[in-house]
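Bear in mind these aren't lab numbers, they're just calculated from the coordinates by the rules spelled out. Quantities reported herein were computed from a predicted structural model and do not represent experimental measurements. Here the Cβ is made from the backbone with ideal geometry for all residues, glycine too, and neighbour counts use every protein chain on show.
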Amino acid sequence: MRCAGYLVVAALLAVLSGCAVRQLPPTTAISVPTGLSDDDILGAIAMALSDPAASPKARVTQGSWVLESNEPHLIRAGYRHQTRYLRVGIMYAASGVKLSILGSENLKQEEAGDAVPGKSKGRGPTIHKHAIVWFRNLERQITFNLSAAALEKSSQQLSALSPKKATTVGLPGQAAFAVANSELDPFLAAIALVSTNNSIGSAFRVTANGLFVTNEHVVAGATAVSLTLRTGEIVRATVIRTDKAGDIALLRTDSNGPFLKLRGEAVVAEDVWALGAPQGLSFSVSKGVVSAIRQEKGAGRSYIQTDAAVNPGSSGGPLIAIKDGRVLGMNTFGYRNSEGLNFAVSAGDLNKFVGSPQQ
């Protein structure tokens, strides 16, 4: 009971001092995709700290990020903004990247109340809450850059596999790769790879005047959204409406062109294609059947269950009926530990959300 009393008093003191209690110091580990060399990993880290065109091994600056040193498999970097300063250590190897906060200081003493309480003297640094935000943003950017580097290597390997006439496409900042033309071209022309500042996914055009749909979780929290089309053209997109519960988002672009028509009902056991960008590999196609039609109790929403392969990056792509080329749903999620257990938001729910006749 006495210990519990001490904890209550400590918590009250923290509240009265205007500080948020967090586990410190923040340290995080980022897994590295297979196949990346030390130079690839170093480049991904440097891009998070600098302009992508800068040399990874040079002293570089972006905003207030400064690369302070570049020892073998260790980078120390600093971030300065107004009166606050953060130093981080980044250890990298093929097995993973580890980020740690080395120190944080408030250069204006009267603002010390903004600090998050850290370890006592001799046991670790005091970390400011603003520094933690910078730290987490750096973590997200390095993770994204590592994924992009892995996709670039994969795309370079894929470019040699297509004997047919090909269209060149690719992610922003990546080497382009070849996608063979096929009977699916009319459908793929309406598909796009979605890239945001913190995720990738798929989308497809639902009106001739440039409206696309994707999953809400693909664009959630994004400050910038761009679409890479089949032609390789990159267009900006604006999120104009979302339904978080239904996991649907509507995007407006200046990209007019072919669109996919929605069909009201799906039929169990009919053949389907799932189109999208699994793991960021644009304009990929998998084949399966409609396994079942599921109703979400109390929500009035329905989902199409399919065994067509759906992977991270496929979210927001269309599930298309092979017999008539109509969209039955939008690929949304799958169960990781179960094979062939994937789900798509129904076309009926998409029709209600778009809210206007397809043109």
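Candidates Ala237, Leu262, Leu193 compared by Cα position along the dipole of region 182-274: farthest toward the positive end lies Ala237, with charges placed on Cβ.
Using a 7 Å offset from the Cα along the Cα-to-Cβ direction at both Ser31 and Lys323, what is the distance between the two label points in nm, to one decimal? Simple spin-label model gives 4.0 nm for this pair.
Simple point charges give the picture: +1 on the Cβ of Lys and Arg, -1 on the Cβ of Asp and Glu, and for region 201-247 a dipole about the Cα centre of about 120 debye.
Note on Arg252/Ile293: beta-carbon distance plugged into 1/(1 + (r/R0)^6) with R0 of 25 Å gives a FRET efficiency of 0.25. A Cβ-based charge dipole, computed about the Cα centre of region 231-270 with Lys and Arg at +1 and Asp and Glu at -1, lands at about 160 debye. Beyond a 31 Å Cα-Cα separation, which of these cross-linked pairs lie in this structure: Lys129/Lys297; Lys129/Lys244; Lys98/Lys129; Lys98/Lys244? Pairs exceeding the cut-off: Lys129/Lys297; Lys98/Lys244. Packing, as the average of other Cβ atoms within 10 Å across residues, places the peptides 327-334, 220-227 in the order 327-334, 220-227, highest first.
Placing dummy labels 7 Å off each Cα toward the beta-carbon, the span from Leu184 to Ala220 is 2.8 nm. A simple spin-label model places pseudo-atoms 7 Å from Cα toward Cβ; at Met91 and Lys244 they are separated by 3.8 nm.
Derived scalar couplings between HN and Hα for region 257-266 equal x, x, 10, 9, 8, 8, 10, x, 10, 9 Hz in order, rounded to whole Hz, by the Karplus curve 6.51 cos²θ - 1.76 cosθ + 1.60 (θ = phi - 60°), x for Gly and Pro. Descending by average beta-carbon neighbour count within 10 Å, the peptides 250-257, 293-300 line up as 250-257, 293-300, the highest first.
For Ala309, the amide hydrogen comes within under 5 Å of the amide hydrogens of Lys287, counting only partners 5 or more places away or on other chains and with H modelled in the peptide plane.
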